[in-house]
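Visitor: My structure is below; once you've seen it, I'll send some questions.
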Amino acid sequence: MKKSNYFGKLKNINIPLTRRGLLVGTLFYSLFGITSKLYSKGEVGGPFRDRFQSFRQTFRVEPNPEEARRIINNIFKGRKRRDNLITLVAPDIAENGNVVPINFSVNCSMNGEDYPEVVHILVLDNPFPEIAKFFFSNESGSADLAIRIRMRQSSEVIAIAEMADGTVGEDRFFVDVTIGACS
Amino acid sequence: MARKNYRRRLKAPITAKKGEIITIKTMAEHTMEPGVRRDPETGLVYPRFIIDSVIVRYNGKQIFRSRWYSGVSENPYMSFKIKVEESGLLEVEWIDDYKQSTFKRSVVNVYDDEGNEIFPLRFNKASQLED
């Protein structure tokens, strides 16, 4: 087959109601569906999941609690919260806001659908409330993790677990920060 | 970008039993510039420069992944757990804002109760092939 022939065919696509037209249409619709799914999960960087996080920052941003609440609502999507799903441990008083060690553990057997797909860590009074997302799988033996974060002022740290079967759980911990980080 | 932004550390046990849950400690030496800090003299904002994502693979299969934003502290330390069924290669990959990736590897040897190592490849014996 000649290349020029092939491209010539591609040039004038006016999709009529034929077998080929239907095939092309279904292909495009399926692609659209995949991208929209990714957007809903926040993988690509959804419309307002992150405050300018997808762009390089060149100006100062002040914390906005309304925006933080909107992010949390966007994660929950009106689902009911399950009790005792996730436990978050953090220090009561953090002397240095630059390094605040936190750890969380999700009590679940990591078999079948009983594992957390995503665990979000949020600090409400930071200019960028979203701090990290962790994507687990069945192979990771237990959803038990420790990390160090930055906090600008004393506020609540929130950990939200989204399970694979669709249930959601959260835990909050108030941390007192004496010297804040400029994050 | 200074040389120190490329130093990575990975601590994992060398041996483990079958089905054991092992803890892995990772640390990346990185400035993690949040993109909010100003130069005190000129007032210019330092541009954001952070580690964006961390990917963990065991025997080439991705088992854990994380997305980080500017709220993670500098020289980010993270410890997590994985379950090992057979010995293999553990890879942790850190990817920058500028899509520069660095990685660190370590090998975990997994033994059963009798002390035999469980290899990730299972060779078929000749007798099995005949069936």
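The values are calculated or read from the model by the stated rules, or taken from the named source; none is laboratory data. Since the model is a prediction, treat every value here as computed from it, not as a measurement. With ideal geometry, Cβ positions are generated from the backbone for all residues, glycine too; neighbour counts draw on all protein chains shown.
Visitor: Only one of (1) at pLDDT below 90; (2) surrounded by fewer than 20 Cβ atoms within 10 Å (Cβ to Cβ) fails for B:N116. Which number is that?
Guide: It fails just one condition, (1).
Visitor: Can I ask one more? (1) under 15 Å from the mean Cα position of the chain (by Cα); (2) facing chain B (nearest Cβ under 9 Å); (3) within 17 Å of B:K81 (Cα to Cα); (4) not aromatic (F, W, Y): which one isn't true of A:A146, the others all being true?
Guide: (1)
Visitor: Another question about this same structure. Kindly provide the set of residues from the stretch B:96-105 that are within 14 Å of another protein chain (Cβ to nearest Cβ) and either assigned to a strand (DSSP E or B) or at positive phi (or both), ordered by number.
Guide: Our first condition is that a residue be within 14 Å of another protein chain (Cβ to nearest Cβ); within the stretch B:96-105, this holds for B:96-99.
Across the stretch B:96-105, the qualifying residues are B:D96, B:K99.
Visitor: A further question follows. Given the residues A:N96, A:N126, which is the only one that is touching a strand residue (DSSP E or B) at 6+ places or on another chain (Cβ under 8 Å), among the polar types (S, T, N, Q), crowded, with 22+ Cβ neighbours inside 10 Å and facing chain B (nearest Cβ under 10 Å)?
Guide: Step by step, each of A:N96, A:N126 is checked, and only A:N126 is touching a strand residue (DSSP E or B) at 6+ places or on another chain (Cβ under 8 Å), among the polar types (S, T, N, Q), crowded, with 22+ Cβ neighbours inside 10 Å and facing chain B (nearest Cβ under 10 Å).
Visitor: Next up: If you go through the stretch A:76-87 one residue at a time, do you hit one that is more than 11 Å from chain B (Cβ to nearest Cβ), modelled with pLDDT of 90 or more, closer than 23 Å to A:R148 by Cα and not in a loop (DSSP other than H, G, I, E, B)?
Guide: yes
Visitor: Considering only residues that are at the interface with another protein chain (Cβ under 7 Å from one of its Cβ atoms), closer than 24 Å to B:V107 by Cβ and among the hydrophobic types (A, V, I, L, M, F, W, C), which ones fall in the stretch B:58-85?
Guide: B:I63, B:F64, B:M78, B:F80, B:I82
Visitor: May I ask you to list pairs of residues, at least six apart or on different chains, whose Cβ atoms are under 6 Å apart, with the first in the stretch B:60-78 being in a loop (DSSP other than H, G, I, E, B) and the second being of a type in the set (D, E, K, R)?
Guide: B:Y69/A:E130; B:G71/A:R150; B:S73/A:R148; B:S73/A:R150; B:N75/B:E29
Visitor: Restricting to the stretch A:149-183, give me the number of residues that are under 15 Å from A:A68 (Cα atoms), in a strand (DSSP E or B) and either within 13 Å of another protein chain (Cβ to nearest Cβ) or of a type in the set (A, V, I, L, M, F, W, C) (or both).
Guide: Residues in the stretch A:149-183 being under 15 Å from A:A68 (Cα atoms), in a strand (DSSP E or B) and either within 13 Å of another protein chain (Cβ to nearest Cβ) or of a type in the set (A, V, I, L, M, F, W, C) (or both): 5 in total.
Visitor: Let me ask another. Out of the stretch B:4-40, which residues are among the hydrophobic types (A, V, I, L, M, F, W, C), within 11 Å of chain A (Cβ to nearest Cβ) and in a loop (DSSP other than H, G, I, E, B)?
Guide: Residues satisfying the conditions are B:M32, B:V36.
Visitor: Could I ask something else about it? Restricting the search to the stretch B:41-57, which residues are in a loop (DSSP other than H, G, I, E, B), hydroxyl-bearing (S, T, Y) and either under 26 Å from B:F103 (Cα atoms) or within 10 Å of chain A (Cβ to nearest Cβ) (or both)?
Guide: B:Y46 - this is the single residue of the stretch B:41-57 that is in a loop (DSSP other than H, G, I, E, B), hydroxyl-bearing (S, T, Y) and either under 26 Å from B:F103 (Cα atoms) or within 10 Å of chain A (Cβ to nearest Cβ) (or both).
Visitor: So for the stretch B:90-109 (the condition being in contact with a helix residue (DSSP H, G or I) (Cβ under 9 Å, 6 or more places away or on another chain) and polar (S, T, N, Q)), does at least one residue qualify?
Guide: Within the stretch B:90-109 (the criterion being in contact with a helix residue (DSSP H, G or I) (Cβ under 9 Å, 6 or more places away or on another chain) and polar (S, T, N, Q)), the answer is yes, since at least one residue qualifies.
Visitor: Let me ask you something else. Can you pull out the residues in the stretch A:99-113 that are over 15 Å from A:F174 (Cα atoms) and under 18 Å from the mean Cα position of the chain (by Cα)?
Guide: Scanning the stretch A:99-113 gives A:S105, A:V106.
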